[in-house]
Amino acid sequence: MIKLIKLALAISLVFPVFYLRTPFLASVRGWAFGFIFILSLGLIIAEISGWKKNSSQKQVILSVLILAIASFSFSLAVTKEVKFQLTKQAILKREPSQLETLGQHFIVGYRNFEEVKILVEKGAIAGVFITKRNIQNKTQNEIHQEIQSLQEIRISQGLSPLWIATDQEGGIVSRLSPPLTQLPPLSSIIKDEKTIDRAKDDVIDYASIQGKELSEIGINLNFAPVVDLNQGIISPDDKYSKIYLRAISADQDVVAKVALWYCQTLANYGVTCTIKHFPGLGRLDTDTHIDHAQLKTSVEELTQADWVPFREVMSKTNAFTMLGHAQLMSVDPDHPVSFSTKVVSEIIRNKWNHDGILITDDFSMQAVYGSQDGLANATVKAVNAGVDLILIAYDTDLYYNAMKGLLAAESVNRLDITVLKKSNARLKQAMRKLSMDN
């Protein structure tokens with residue numbers, strides 16, 4: 001009976017060891033590694049020390065199975081951890097001058113403030129994403145002091161300020177509430193779509209509350225508003241996106257007006273808005289956080305509907321545009337939009353002649369991490385396509401592999417220097433405009 005319990009424990013280690021270095025276990029990775037390490041080692045030691053020559057054939061078979069599975073889990077977990085730590089240390093040992101050029105294309109989230117502080121000291125990132133886990137039990141003043149301590153490092157380095165980003169849409173996505181005011185979704189302001197202009201003052205008041213509060217704690221980039229059209233799609237396969245609860249309206253002209261007023265108001269407080277999630281996620285019934293998603297709508301239909309708010313805000317503000325991870329099947333069925341040259345370079349940059357900042361949605365999502373390209377290649381392709389900022393929000397550890405991928409590509413001339421120079425110029429211009437607004 002004891003042998004069977006040990007075997008069950010050994011088998012229970014197999015699943016977590018395979019997912020140890022994936023975003024799936026990011027929030028408990030330290031505990032998971034410790035659990036796997038201690039339990040597998042304990043099983044190995046117990047079986048070896050308890051080995052008896054006169055054991056029955058059944059007991060011998062069970063012991064061999066326990067040893068084999070526990071040894072496999074132990075060695076794989078240690079190998080993965082050592083490999084990651086070597087990659088991390090190799091990045092951190094680089095001279096800041098080697099990291100700054102490529103580092104300015106990353107915004108990262110964090111679970112450990114000291115770790116993100118090191119990345120800032122190294123000039124290895126352009127910005128920091130702050131969410132609920134980073135502000136637990138902290139006052140607005142304490143949050144501001146932490147942010148300011150990072151900005152002071154940048155000042156001492158003679159570098160431009162960090163982008164300090166968050167997700168403060170209102171409604172179900174209000175990552176800094178509390179302590180910031182919990183507002184309802186923007187859609188709640190729209191009473192009658194036929195008289196949308198009457199809601200302008202209400203939208204401005206709404207955005208003013210967010211802009212003022214975000215600015216006061218040091219946030220200069222908000223990942224809002226959602227300009228995906230509300231197609232009313234509710235699906236059991238959509239665990240996290242839930243666009244139907246976050247979208248402003250089903251009417252593209254209403255969304256365009258509200259988003260424009262919102263972004264213009266945030267800018268008055270020195271906060272840059274982000275319109276999301278291009279090419280529009282409202283038509284999807286799957287969730288790119290956990291699966292691949294295919295948008296099968298034609299370019300013609302998207303141009304007449306879903307893309308109207310994007311084009312309107314792009315042309316009249318300094319808004320960032322967030323690229324989602326859906327595959328636009330009529331243009332590029334092989335890559336998510338977030339790192340598709342056919343979409344980013346050929347449509348947004350060349351056809352639309354848009355020279356604003358493009359930022360990806362979180363590269364920790366399964367649609368990227370689990371894509372056929374993998375994280376490193378996706379990062380290289382995104383930068384080469386003309387994407388300016390790679391967001392790695394949920395699983396900070398992915399940053400090191402992404403940066404390793406860029407550095408490796410640079411060493412063999414796989415990075416498009418012309419595209420990079422244009423991107424660097426856009427980033428400098430965006431920060432310059434933000435500084436002028438402040």
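Explain nothing, just compute: Karplus ³J(HN,Hα) = 6.51 cos²θ - 1.76 cosθ + 1.60, θ = phi - 60°, for every residue of the range 131-137 in order, whole Hz, x for Gly and Pro.
9, 4, 5, 8, 10, 3, 6
What whole-number value in Å² describes the accessible area per residue of the range 151-292 for a 1.4 Å probe?
The answer is 40 Å² per residue.
Past the 22 Å Cα-Cα mark, which pairs from K242/K342; K80/K242; K122/K404?
Working: K242/K342 27 Å; K80/K242 34 Å; K122/K404 15 Å.
Over 22 Å Cα-Cα: K242/K342; K80/K242.
Mind checking which of V368, F84, I392 is farthest towards the positive end of the chain's charge dipole, using Cβ charges of +1 (Lys, Arg) and -1 (Asp, Glu) about the Cα centre?
F84
Okay, helix-only estimate at 222 nm for the chain: each DSSP H run of n ≥ 4 adds -39500 (n - 2.57), divide by all residues, round to 500 deg cm²/dmol; what do you get? Mind dumping the intermediate values first?
Details: 17 runs with 219 residues, N = 438.
The helix contribution divided over the chain gives -16000 deg cm²/dmol.
Can you return the lysines within cross-link range of K3? Criterion is Cα-Cα under 17 Å, with same-chain partners fewer than 8 residues away left out.
Result set, ordered by chain and number: K52, K53, K58.
With both bridge residues required to lie in the chain, what share of the DSSP beta bridges run antiparallel, to the nearest 5%?
Working: 2 of 23 bridges.
Of those bridges, close to 10 percent are antiparallel.
Could you give the size of the charge dipole of the range 309-371 about its Cα centre, using +1 on the Cβ of each K and R and -1 on the Cβ of each D and E, expressed in debye and rounded to the nearest 20? List each step's numbers first, then the result.
Working: 5 positive and 7 negative charges, 45 e Å.
That gives a dipole near 220 debye.
For the range 276-430, with all protein chains present and a 1.4 Å probe, just round the carbon and sulfur fraction of the accessible area to a whole percent. Provide the component values of the computation, followed by the final result.
Values: 2550 of 5680 Å².
On the range 276-430, the fraction of accessible area on carbon and sulfur atoms equals 45 percent.
Can you find, among N424, S249, Q98, the residue sitting farthest towards the positive end of the charge dipole of the chain, where Lys and Arg contribute +1 and Asp and Glu -1 at Cβ?
Q98
Need the full-extension length gain, A250 to N353, defined as separation in residues times 0.36 nm minus the C-alpha distance. One decimal, nm. Walk me through the numbers before you get to the answer.
On the way: separation 103, 0.36 × 103 = 37.08 nm, distance 2.68 nm.
Length gained, A250 through N353: 34.4 nm.
Run the paramagnetic zone check for S188: 7 angstrom along Cα to Cβ, then residues of the range 149-170 with backbone nitrogen under 11 Å.
Once the point is set 7 Å along Cα→Cβ of S188, 170 turn out to lie under 11 Å by backbone N, inside the range 149-170.
How much accessible area per residue does the range 342-395 have, counting only protein heavy atoms and a probe of 1.4 Å, in square angstrom? Don't skip to the answer; put the middle values down first.
Numbers: 1640 Å² over 54 residues.
Using a 1.4 Å probe on heavy atoms only, each residue of the range 342-395 averages 30 Å².
Eigenvalues of the Cα gyration tensor times 5, then square-rooted: what semi-axes does that give for the chain, in whole angstrom, largest first? Kindly include the intermediate steps, with their values, before the conclusion.
Values: eigenvalues 356, 123, 99 Å².
Its equivalent ellipsoid spans semi-axes of 42, 25, 22 Å.
For the range 65-125, just run the numbers: alpha carbon Rg, then divide by 2.2 N^0.38 Å, N being how many residues it has. Working shown, then result.
Values: Rg = 16.4 Å, N = 61, 2.2 N^0.38 = 10.5 Å.
Scaled against compact globular proteins, the figure is 1.56.
Measure up K88/K138; K257/K351; K351/K428 against 26 Å on the Cα-Cα distance and list the ones that go over. Write out the running numbers ahead of the final one.
Details: K88/K138 29 Å; K257/K351 23 Å; K351/K428 23 Å.
Cα-Cα > 26 Å for K88/K138; rest within.
At 7 Å along the Cα-to-beta-carbon direction for both N424 and A8, put a label point, then send me their distance in nm to one decimal.
Here the answer is 6.0 nm between the modelled labels.
Assigning unit charges at the beta carbon (Lys, Arg +1; Asp, Glu -1) and nothing else, what dipole magnitude in debye, to the nearest 20, does the range 267-322 show about its Cα centre? Provide the component values of the computation, followed by the final result.
Numbers: 5 positive and 7 negative charges, 52 e Å.
Roughly 240 debye for the range 267-322.
Please list, by residue number, every one of the chymotrypsin sites (Phe, Trp or Tyr not before Pro) in the range 40-143 that is coil in DSSP and has at most 12 other beta-carbon atoms within 10 Å.
On the way: sites: W51, F72, F74, F84, F106, Y110, F113, F129; in loops: W51, Y110.
Filter output for the range 40-143: W51.
For the range 179-209 and the range 55-71, compute the distance between their C-alpha centroids and round to whole Å.
Between the Cα centre of the range 179-209 and that of the range 55-71, the gap is 66 Å.
Under a plain spin-label model, where a point goes 7 Å from the Cα along Cα-to-Cβ, how far apart in nm are E346 and I209?
Simple spin-label model gives 4.5 nm for this pair.
How big is the dipole moment of the chain about its Cα centre under a simple scheme where the beta carbon of each Lys and Arg is +1, that of each Asp and Glu is -1, and everything else is neutral? Debye, nearest 20, please.
1540 debye
Determine the share of the range 1-103's accessible area contributed by carbon and sulfur atoms, expressed in whole percent, with a 1.4 angstrom probe. Please report the intermediate quantities before stating the final value.
Values: 4400 of 6180 Å².
Exposed carbon and sulfur together represent 71 percent of the surface.
The values are calculated or read from the model by the stated rules, or taken from the named source; none is laboratory data. Small disclaimer: the values here were computed from a predicted structure and weren't measured. Ideal geometry is used to build each Cβ from the backbone, glycine not excepted, and the neighbour counts take in all protein chains shown. Protein only, heavy atoms only, side chains kept; ligands, DNA and RNA dropped before computing areas. Shrake-Rupley method; radii C 1.70, N 1.55, O 1.52, S 1.80 Å.
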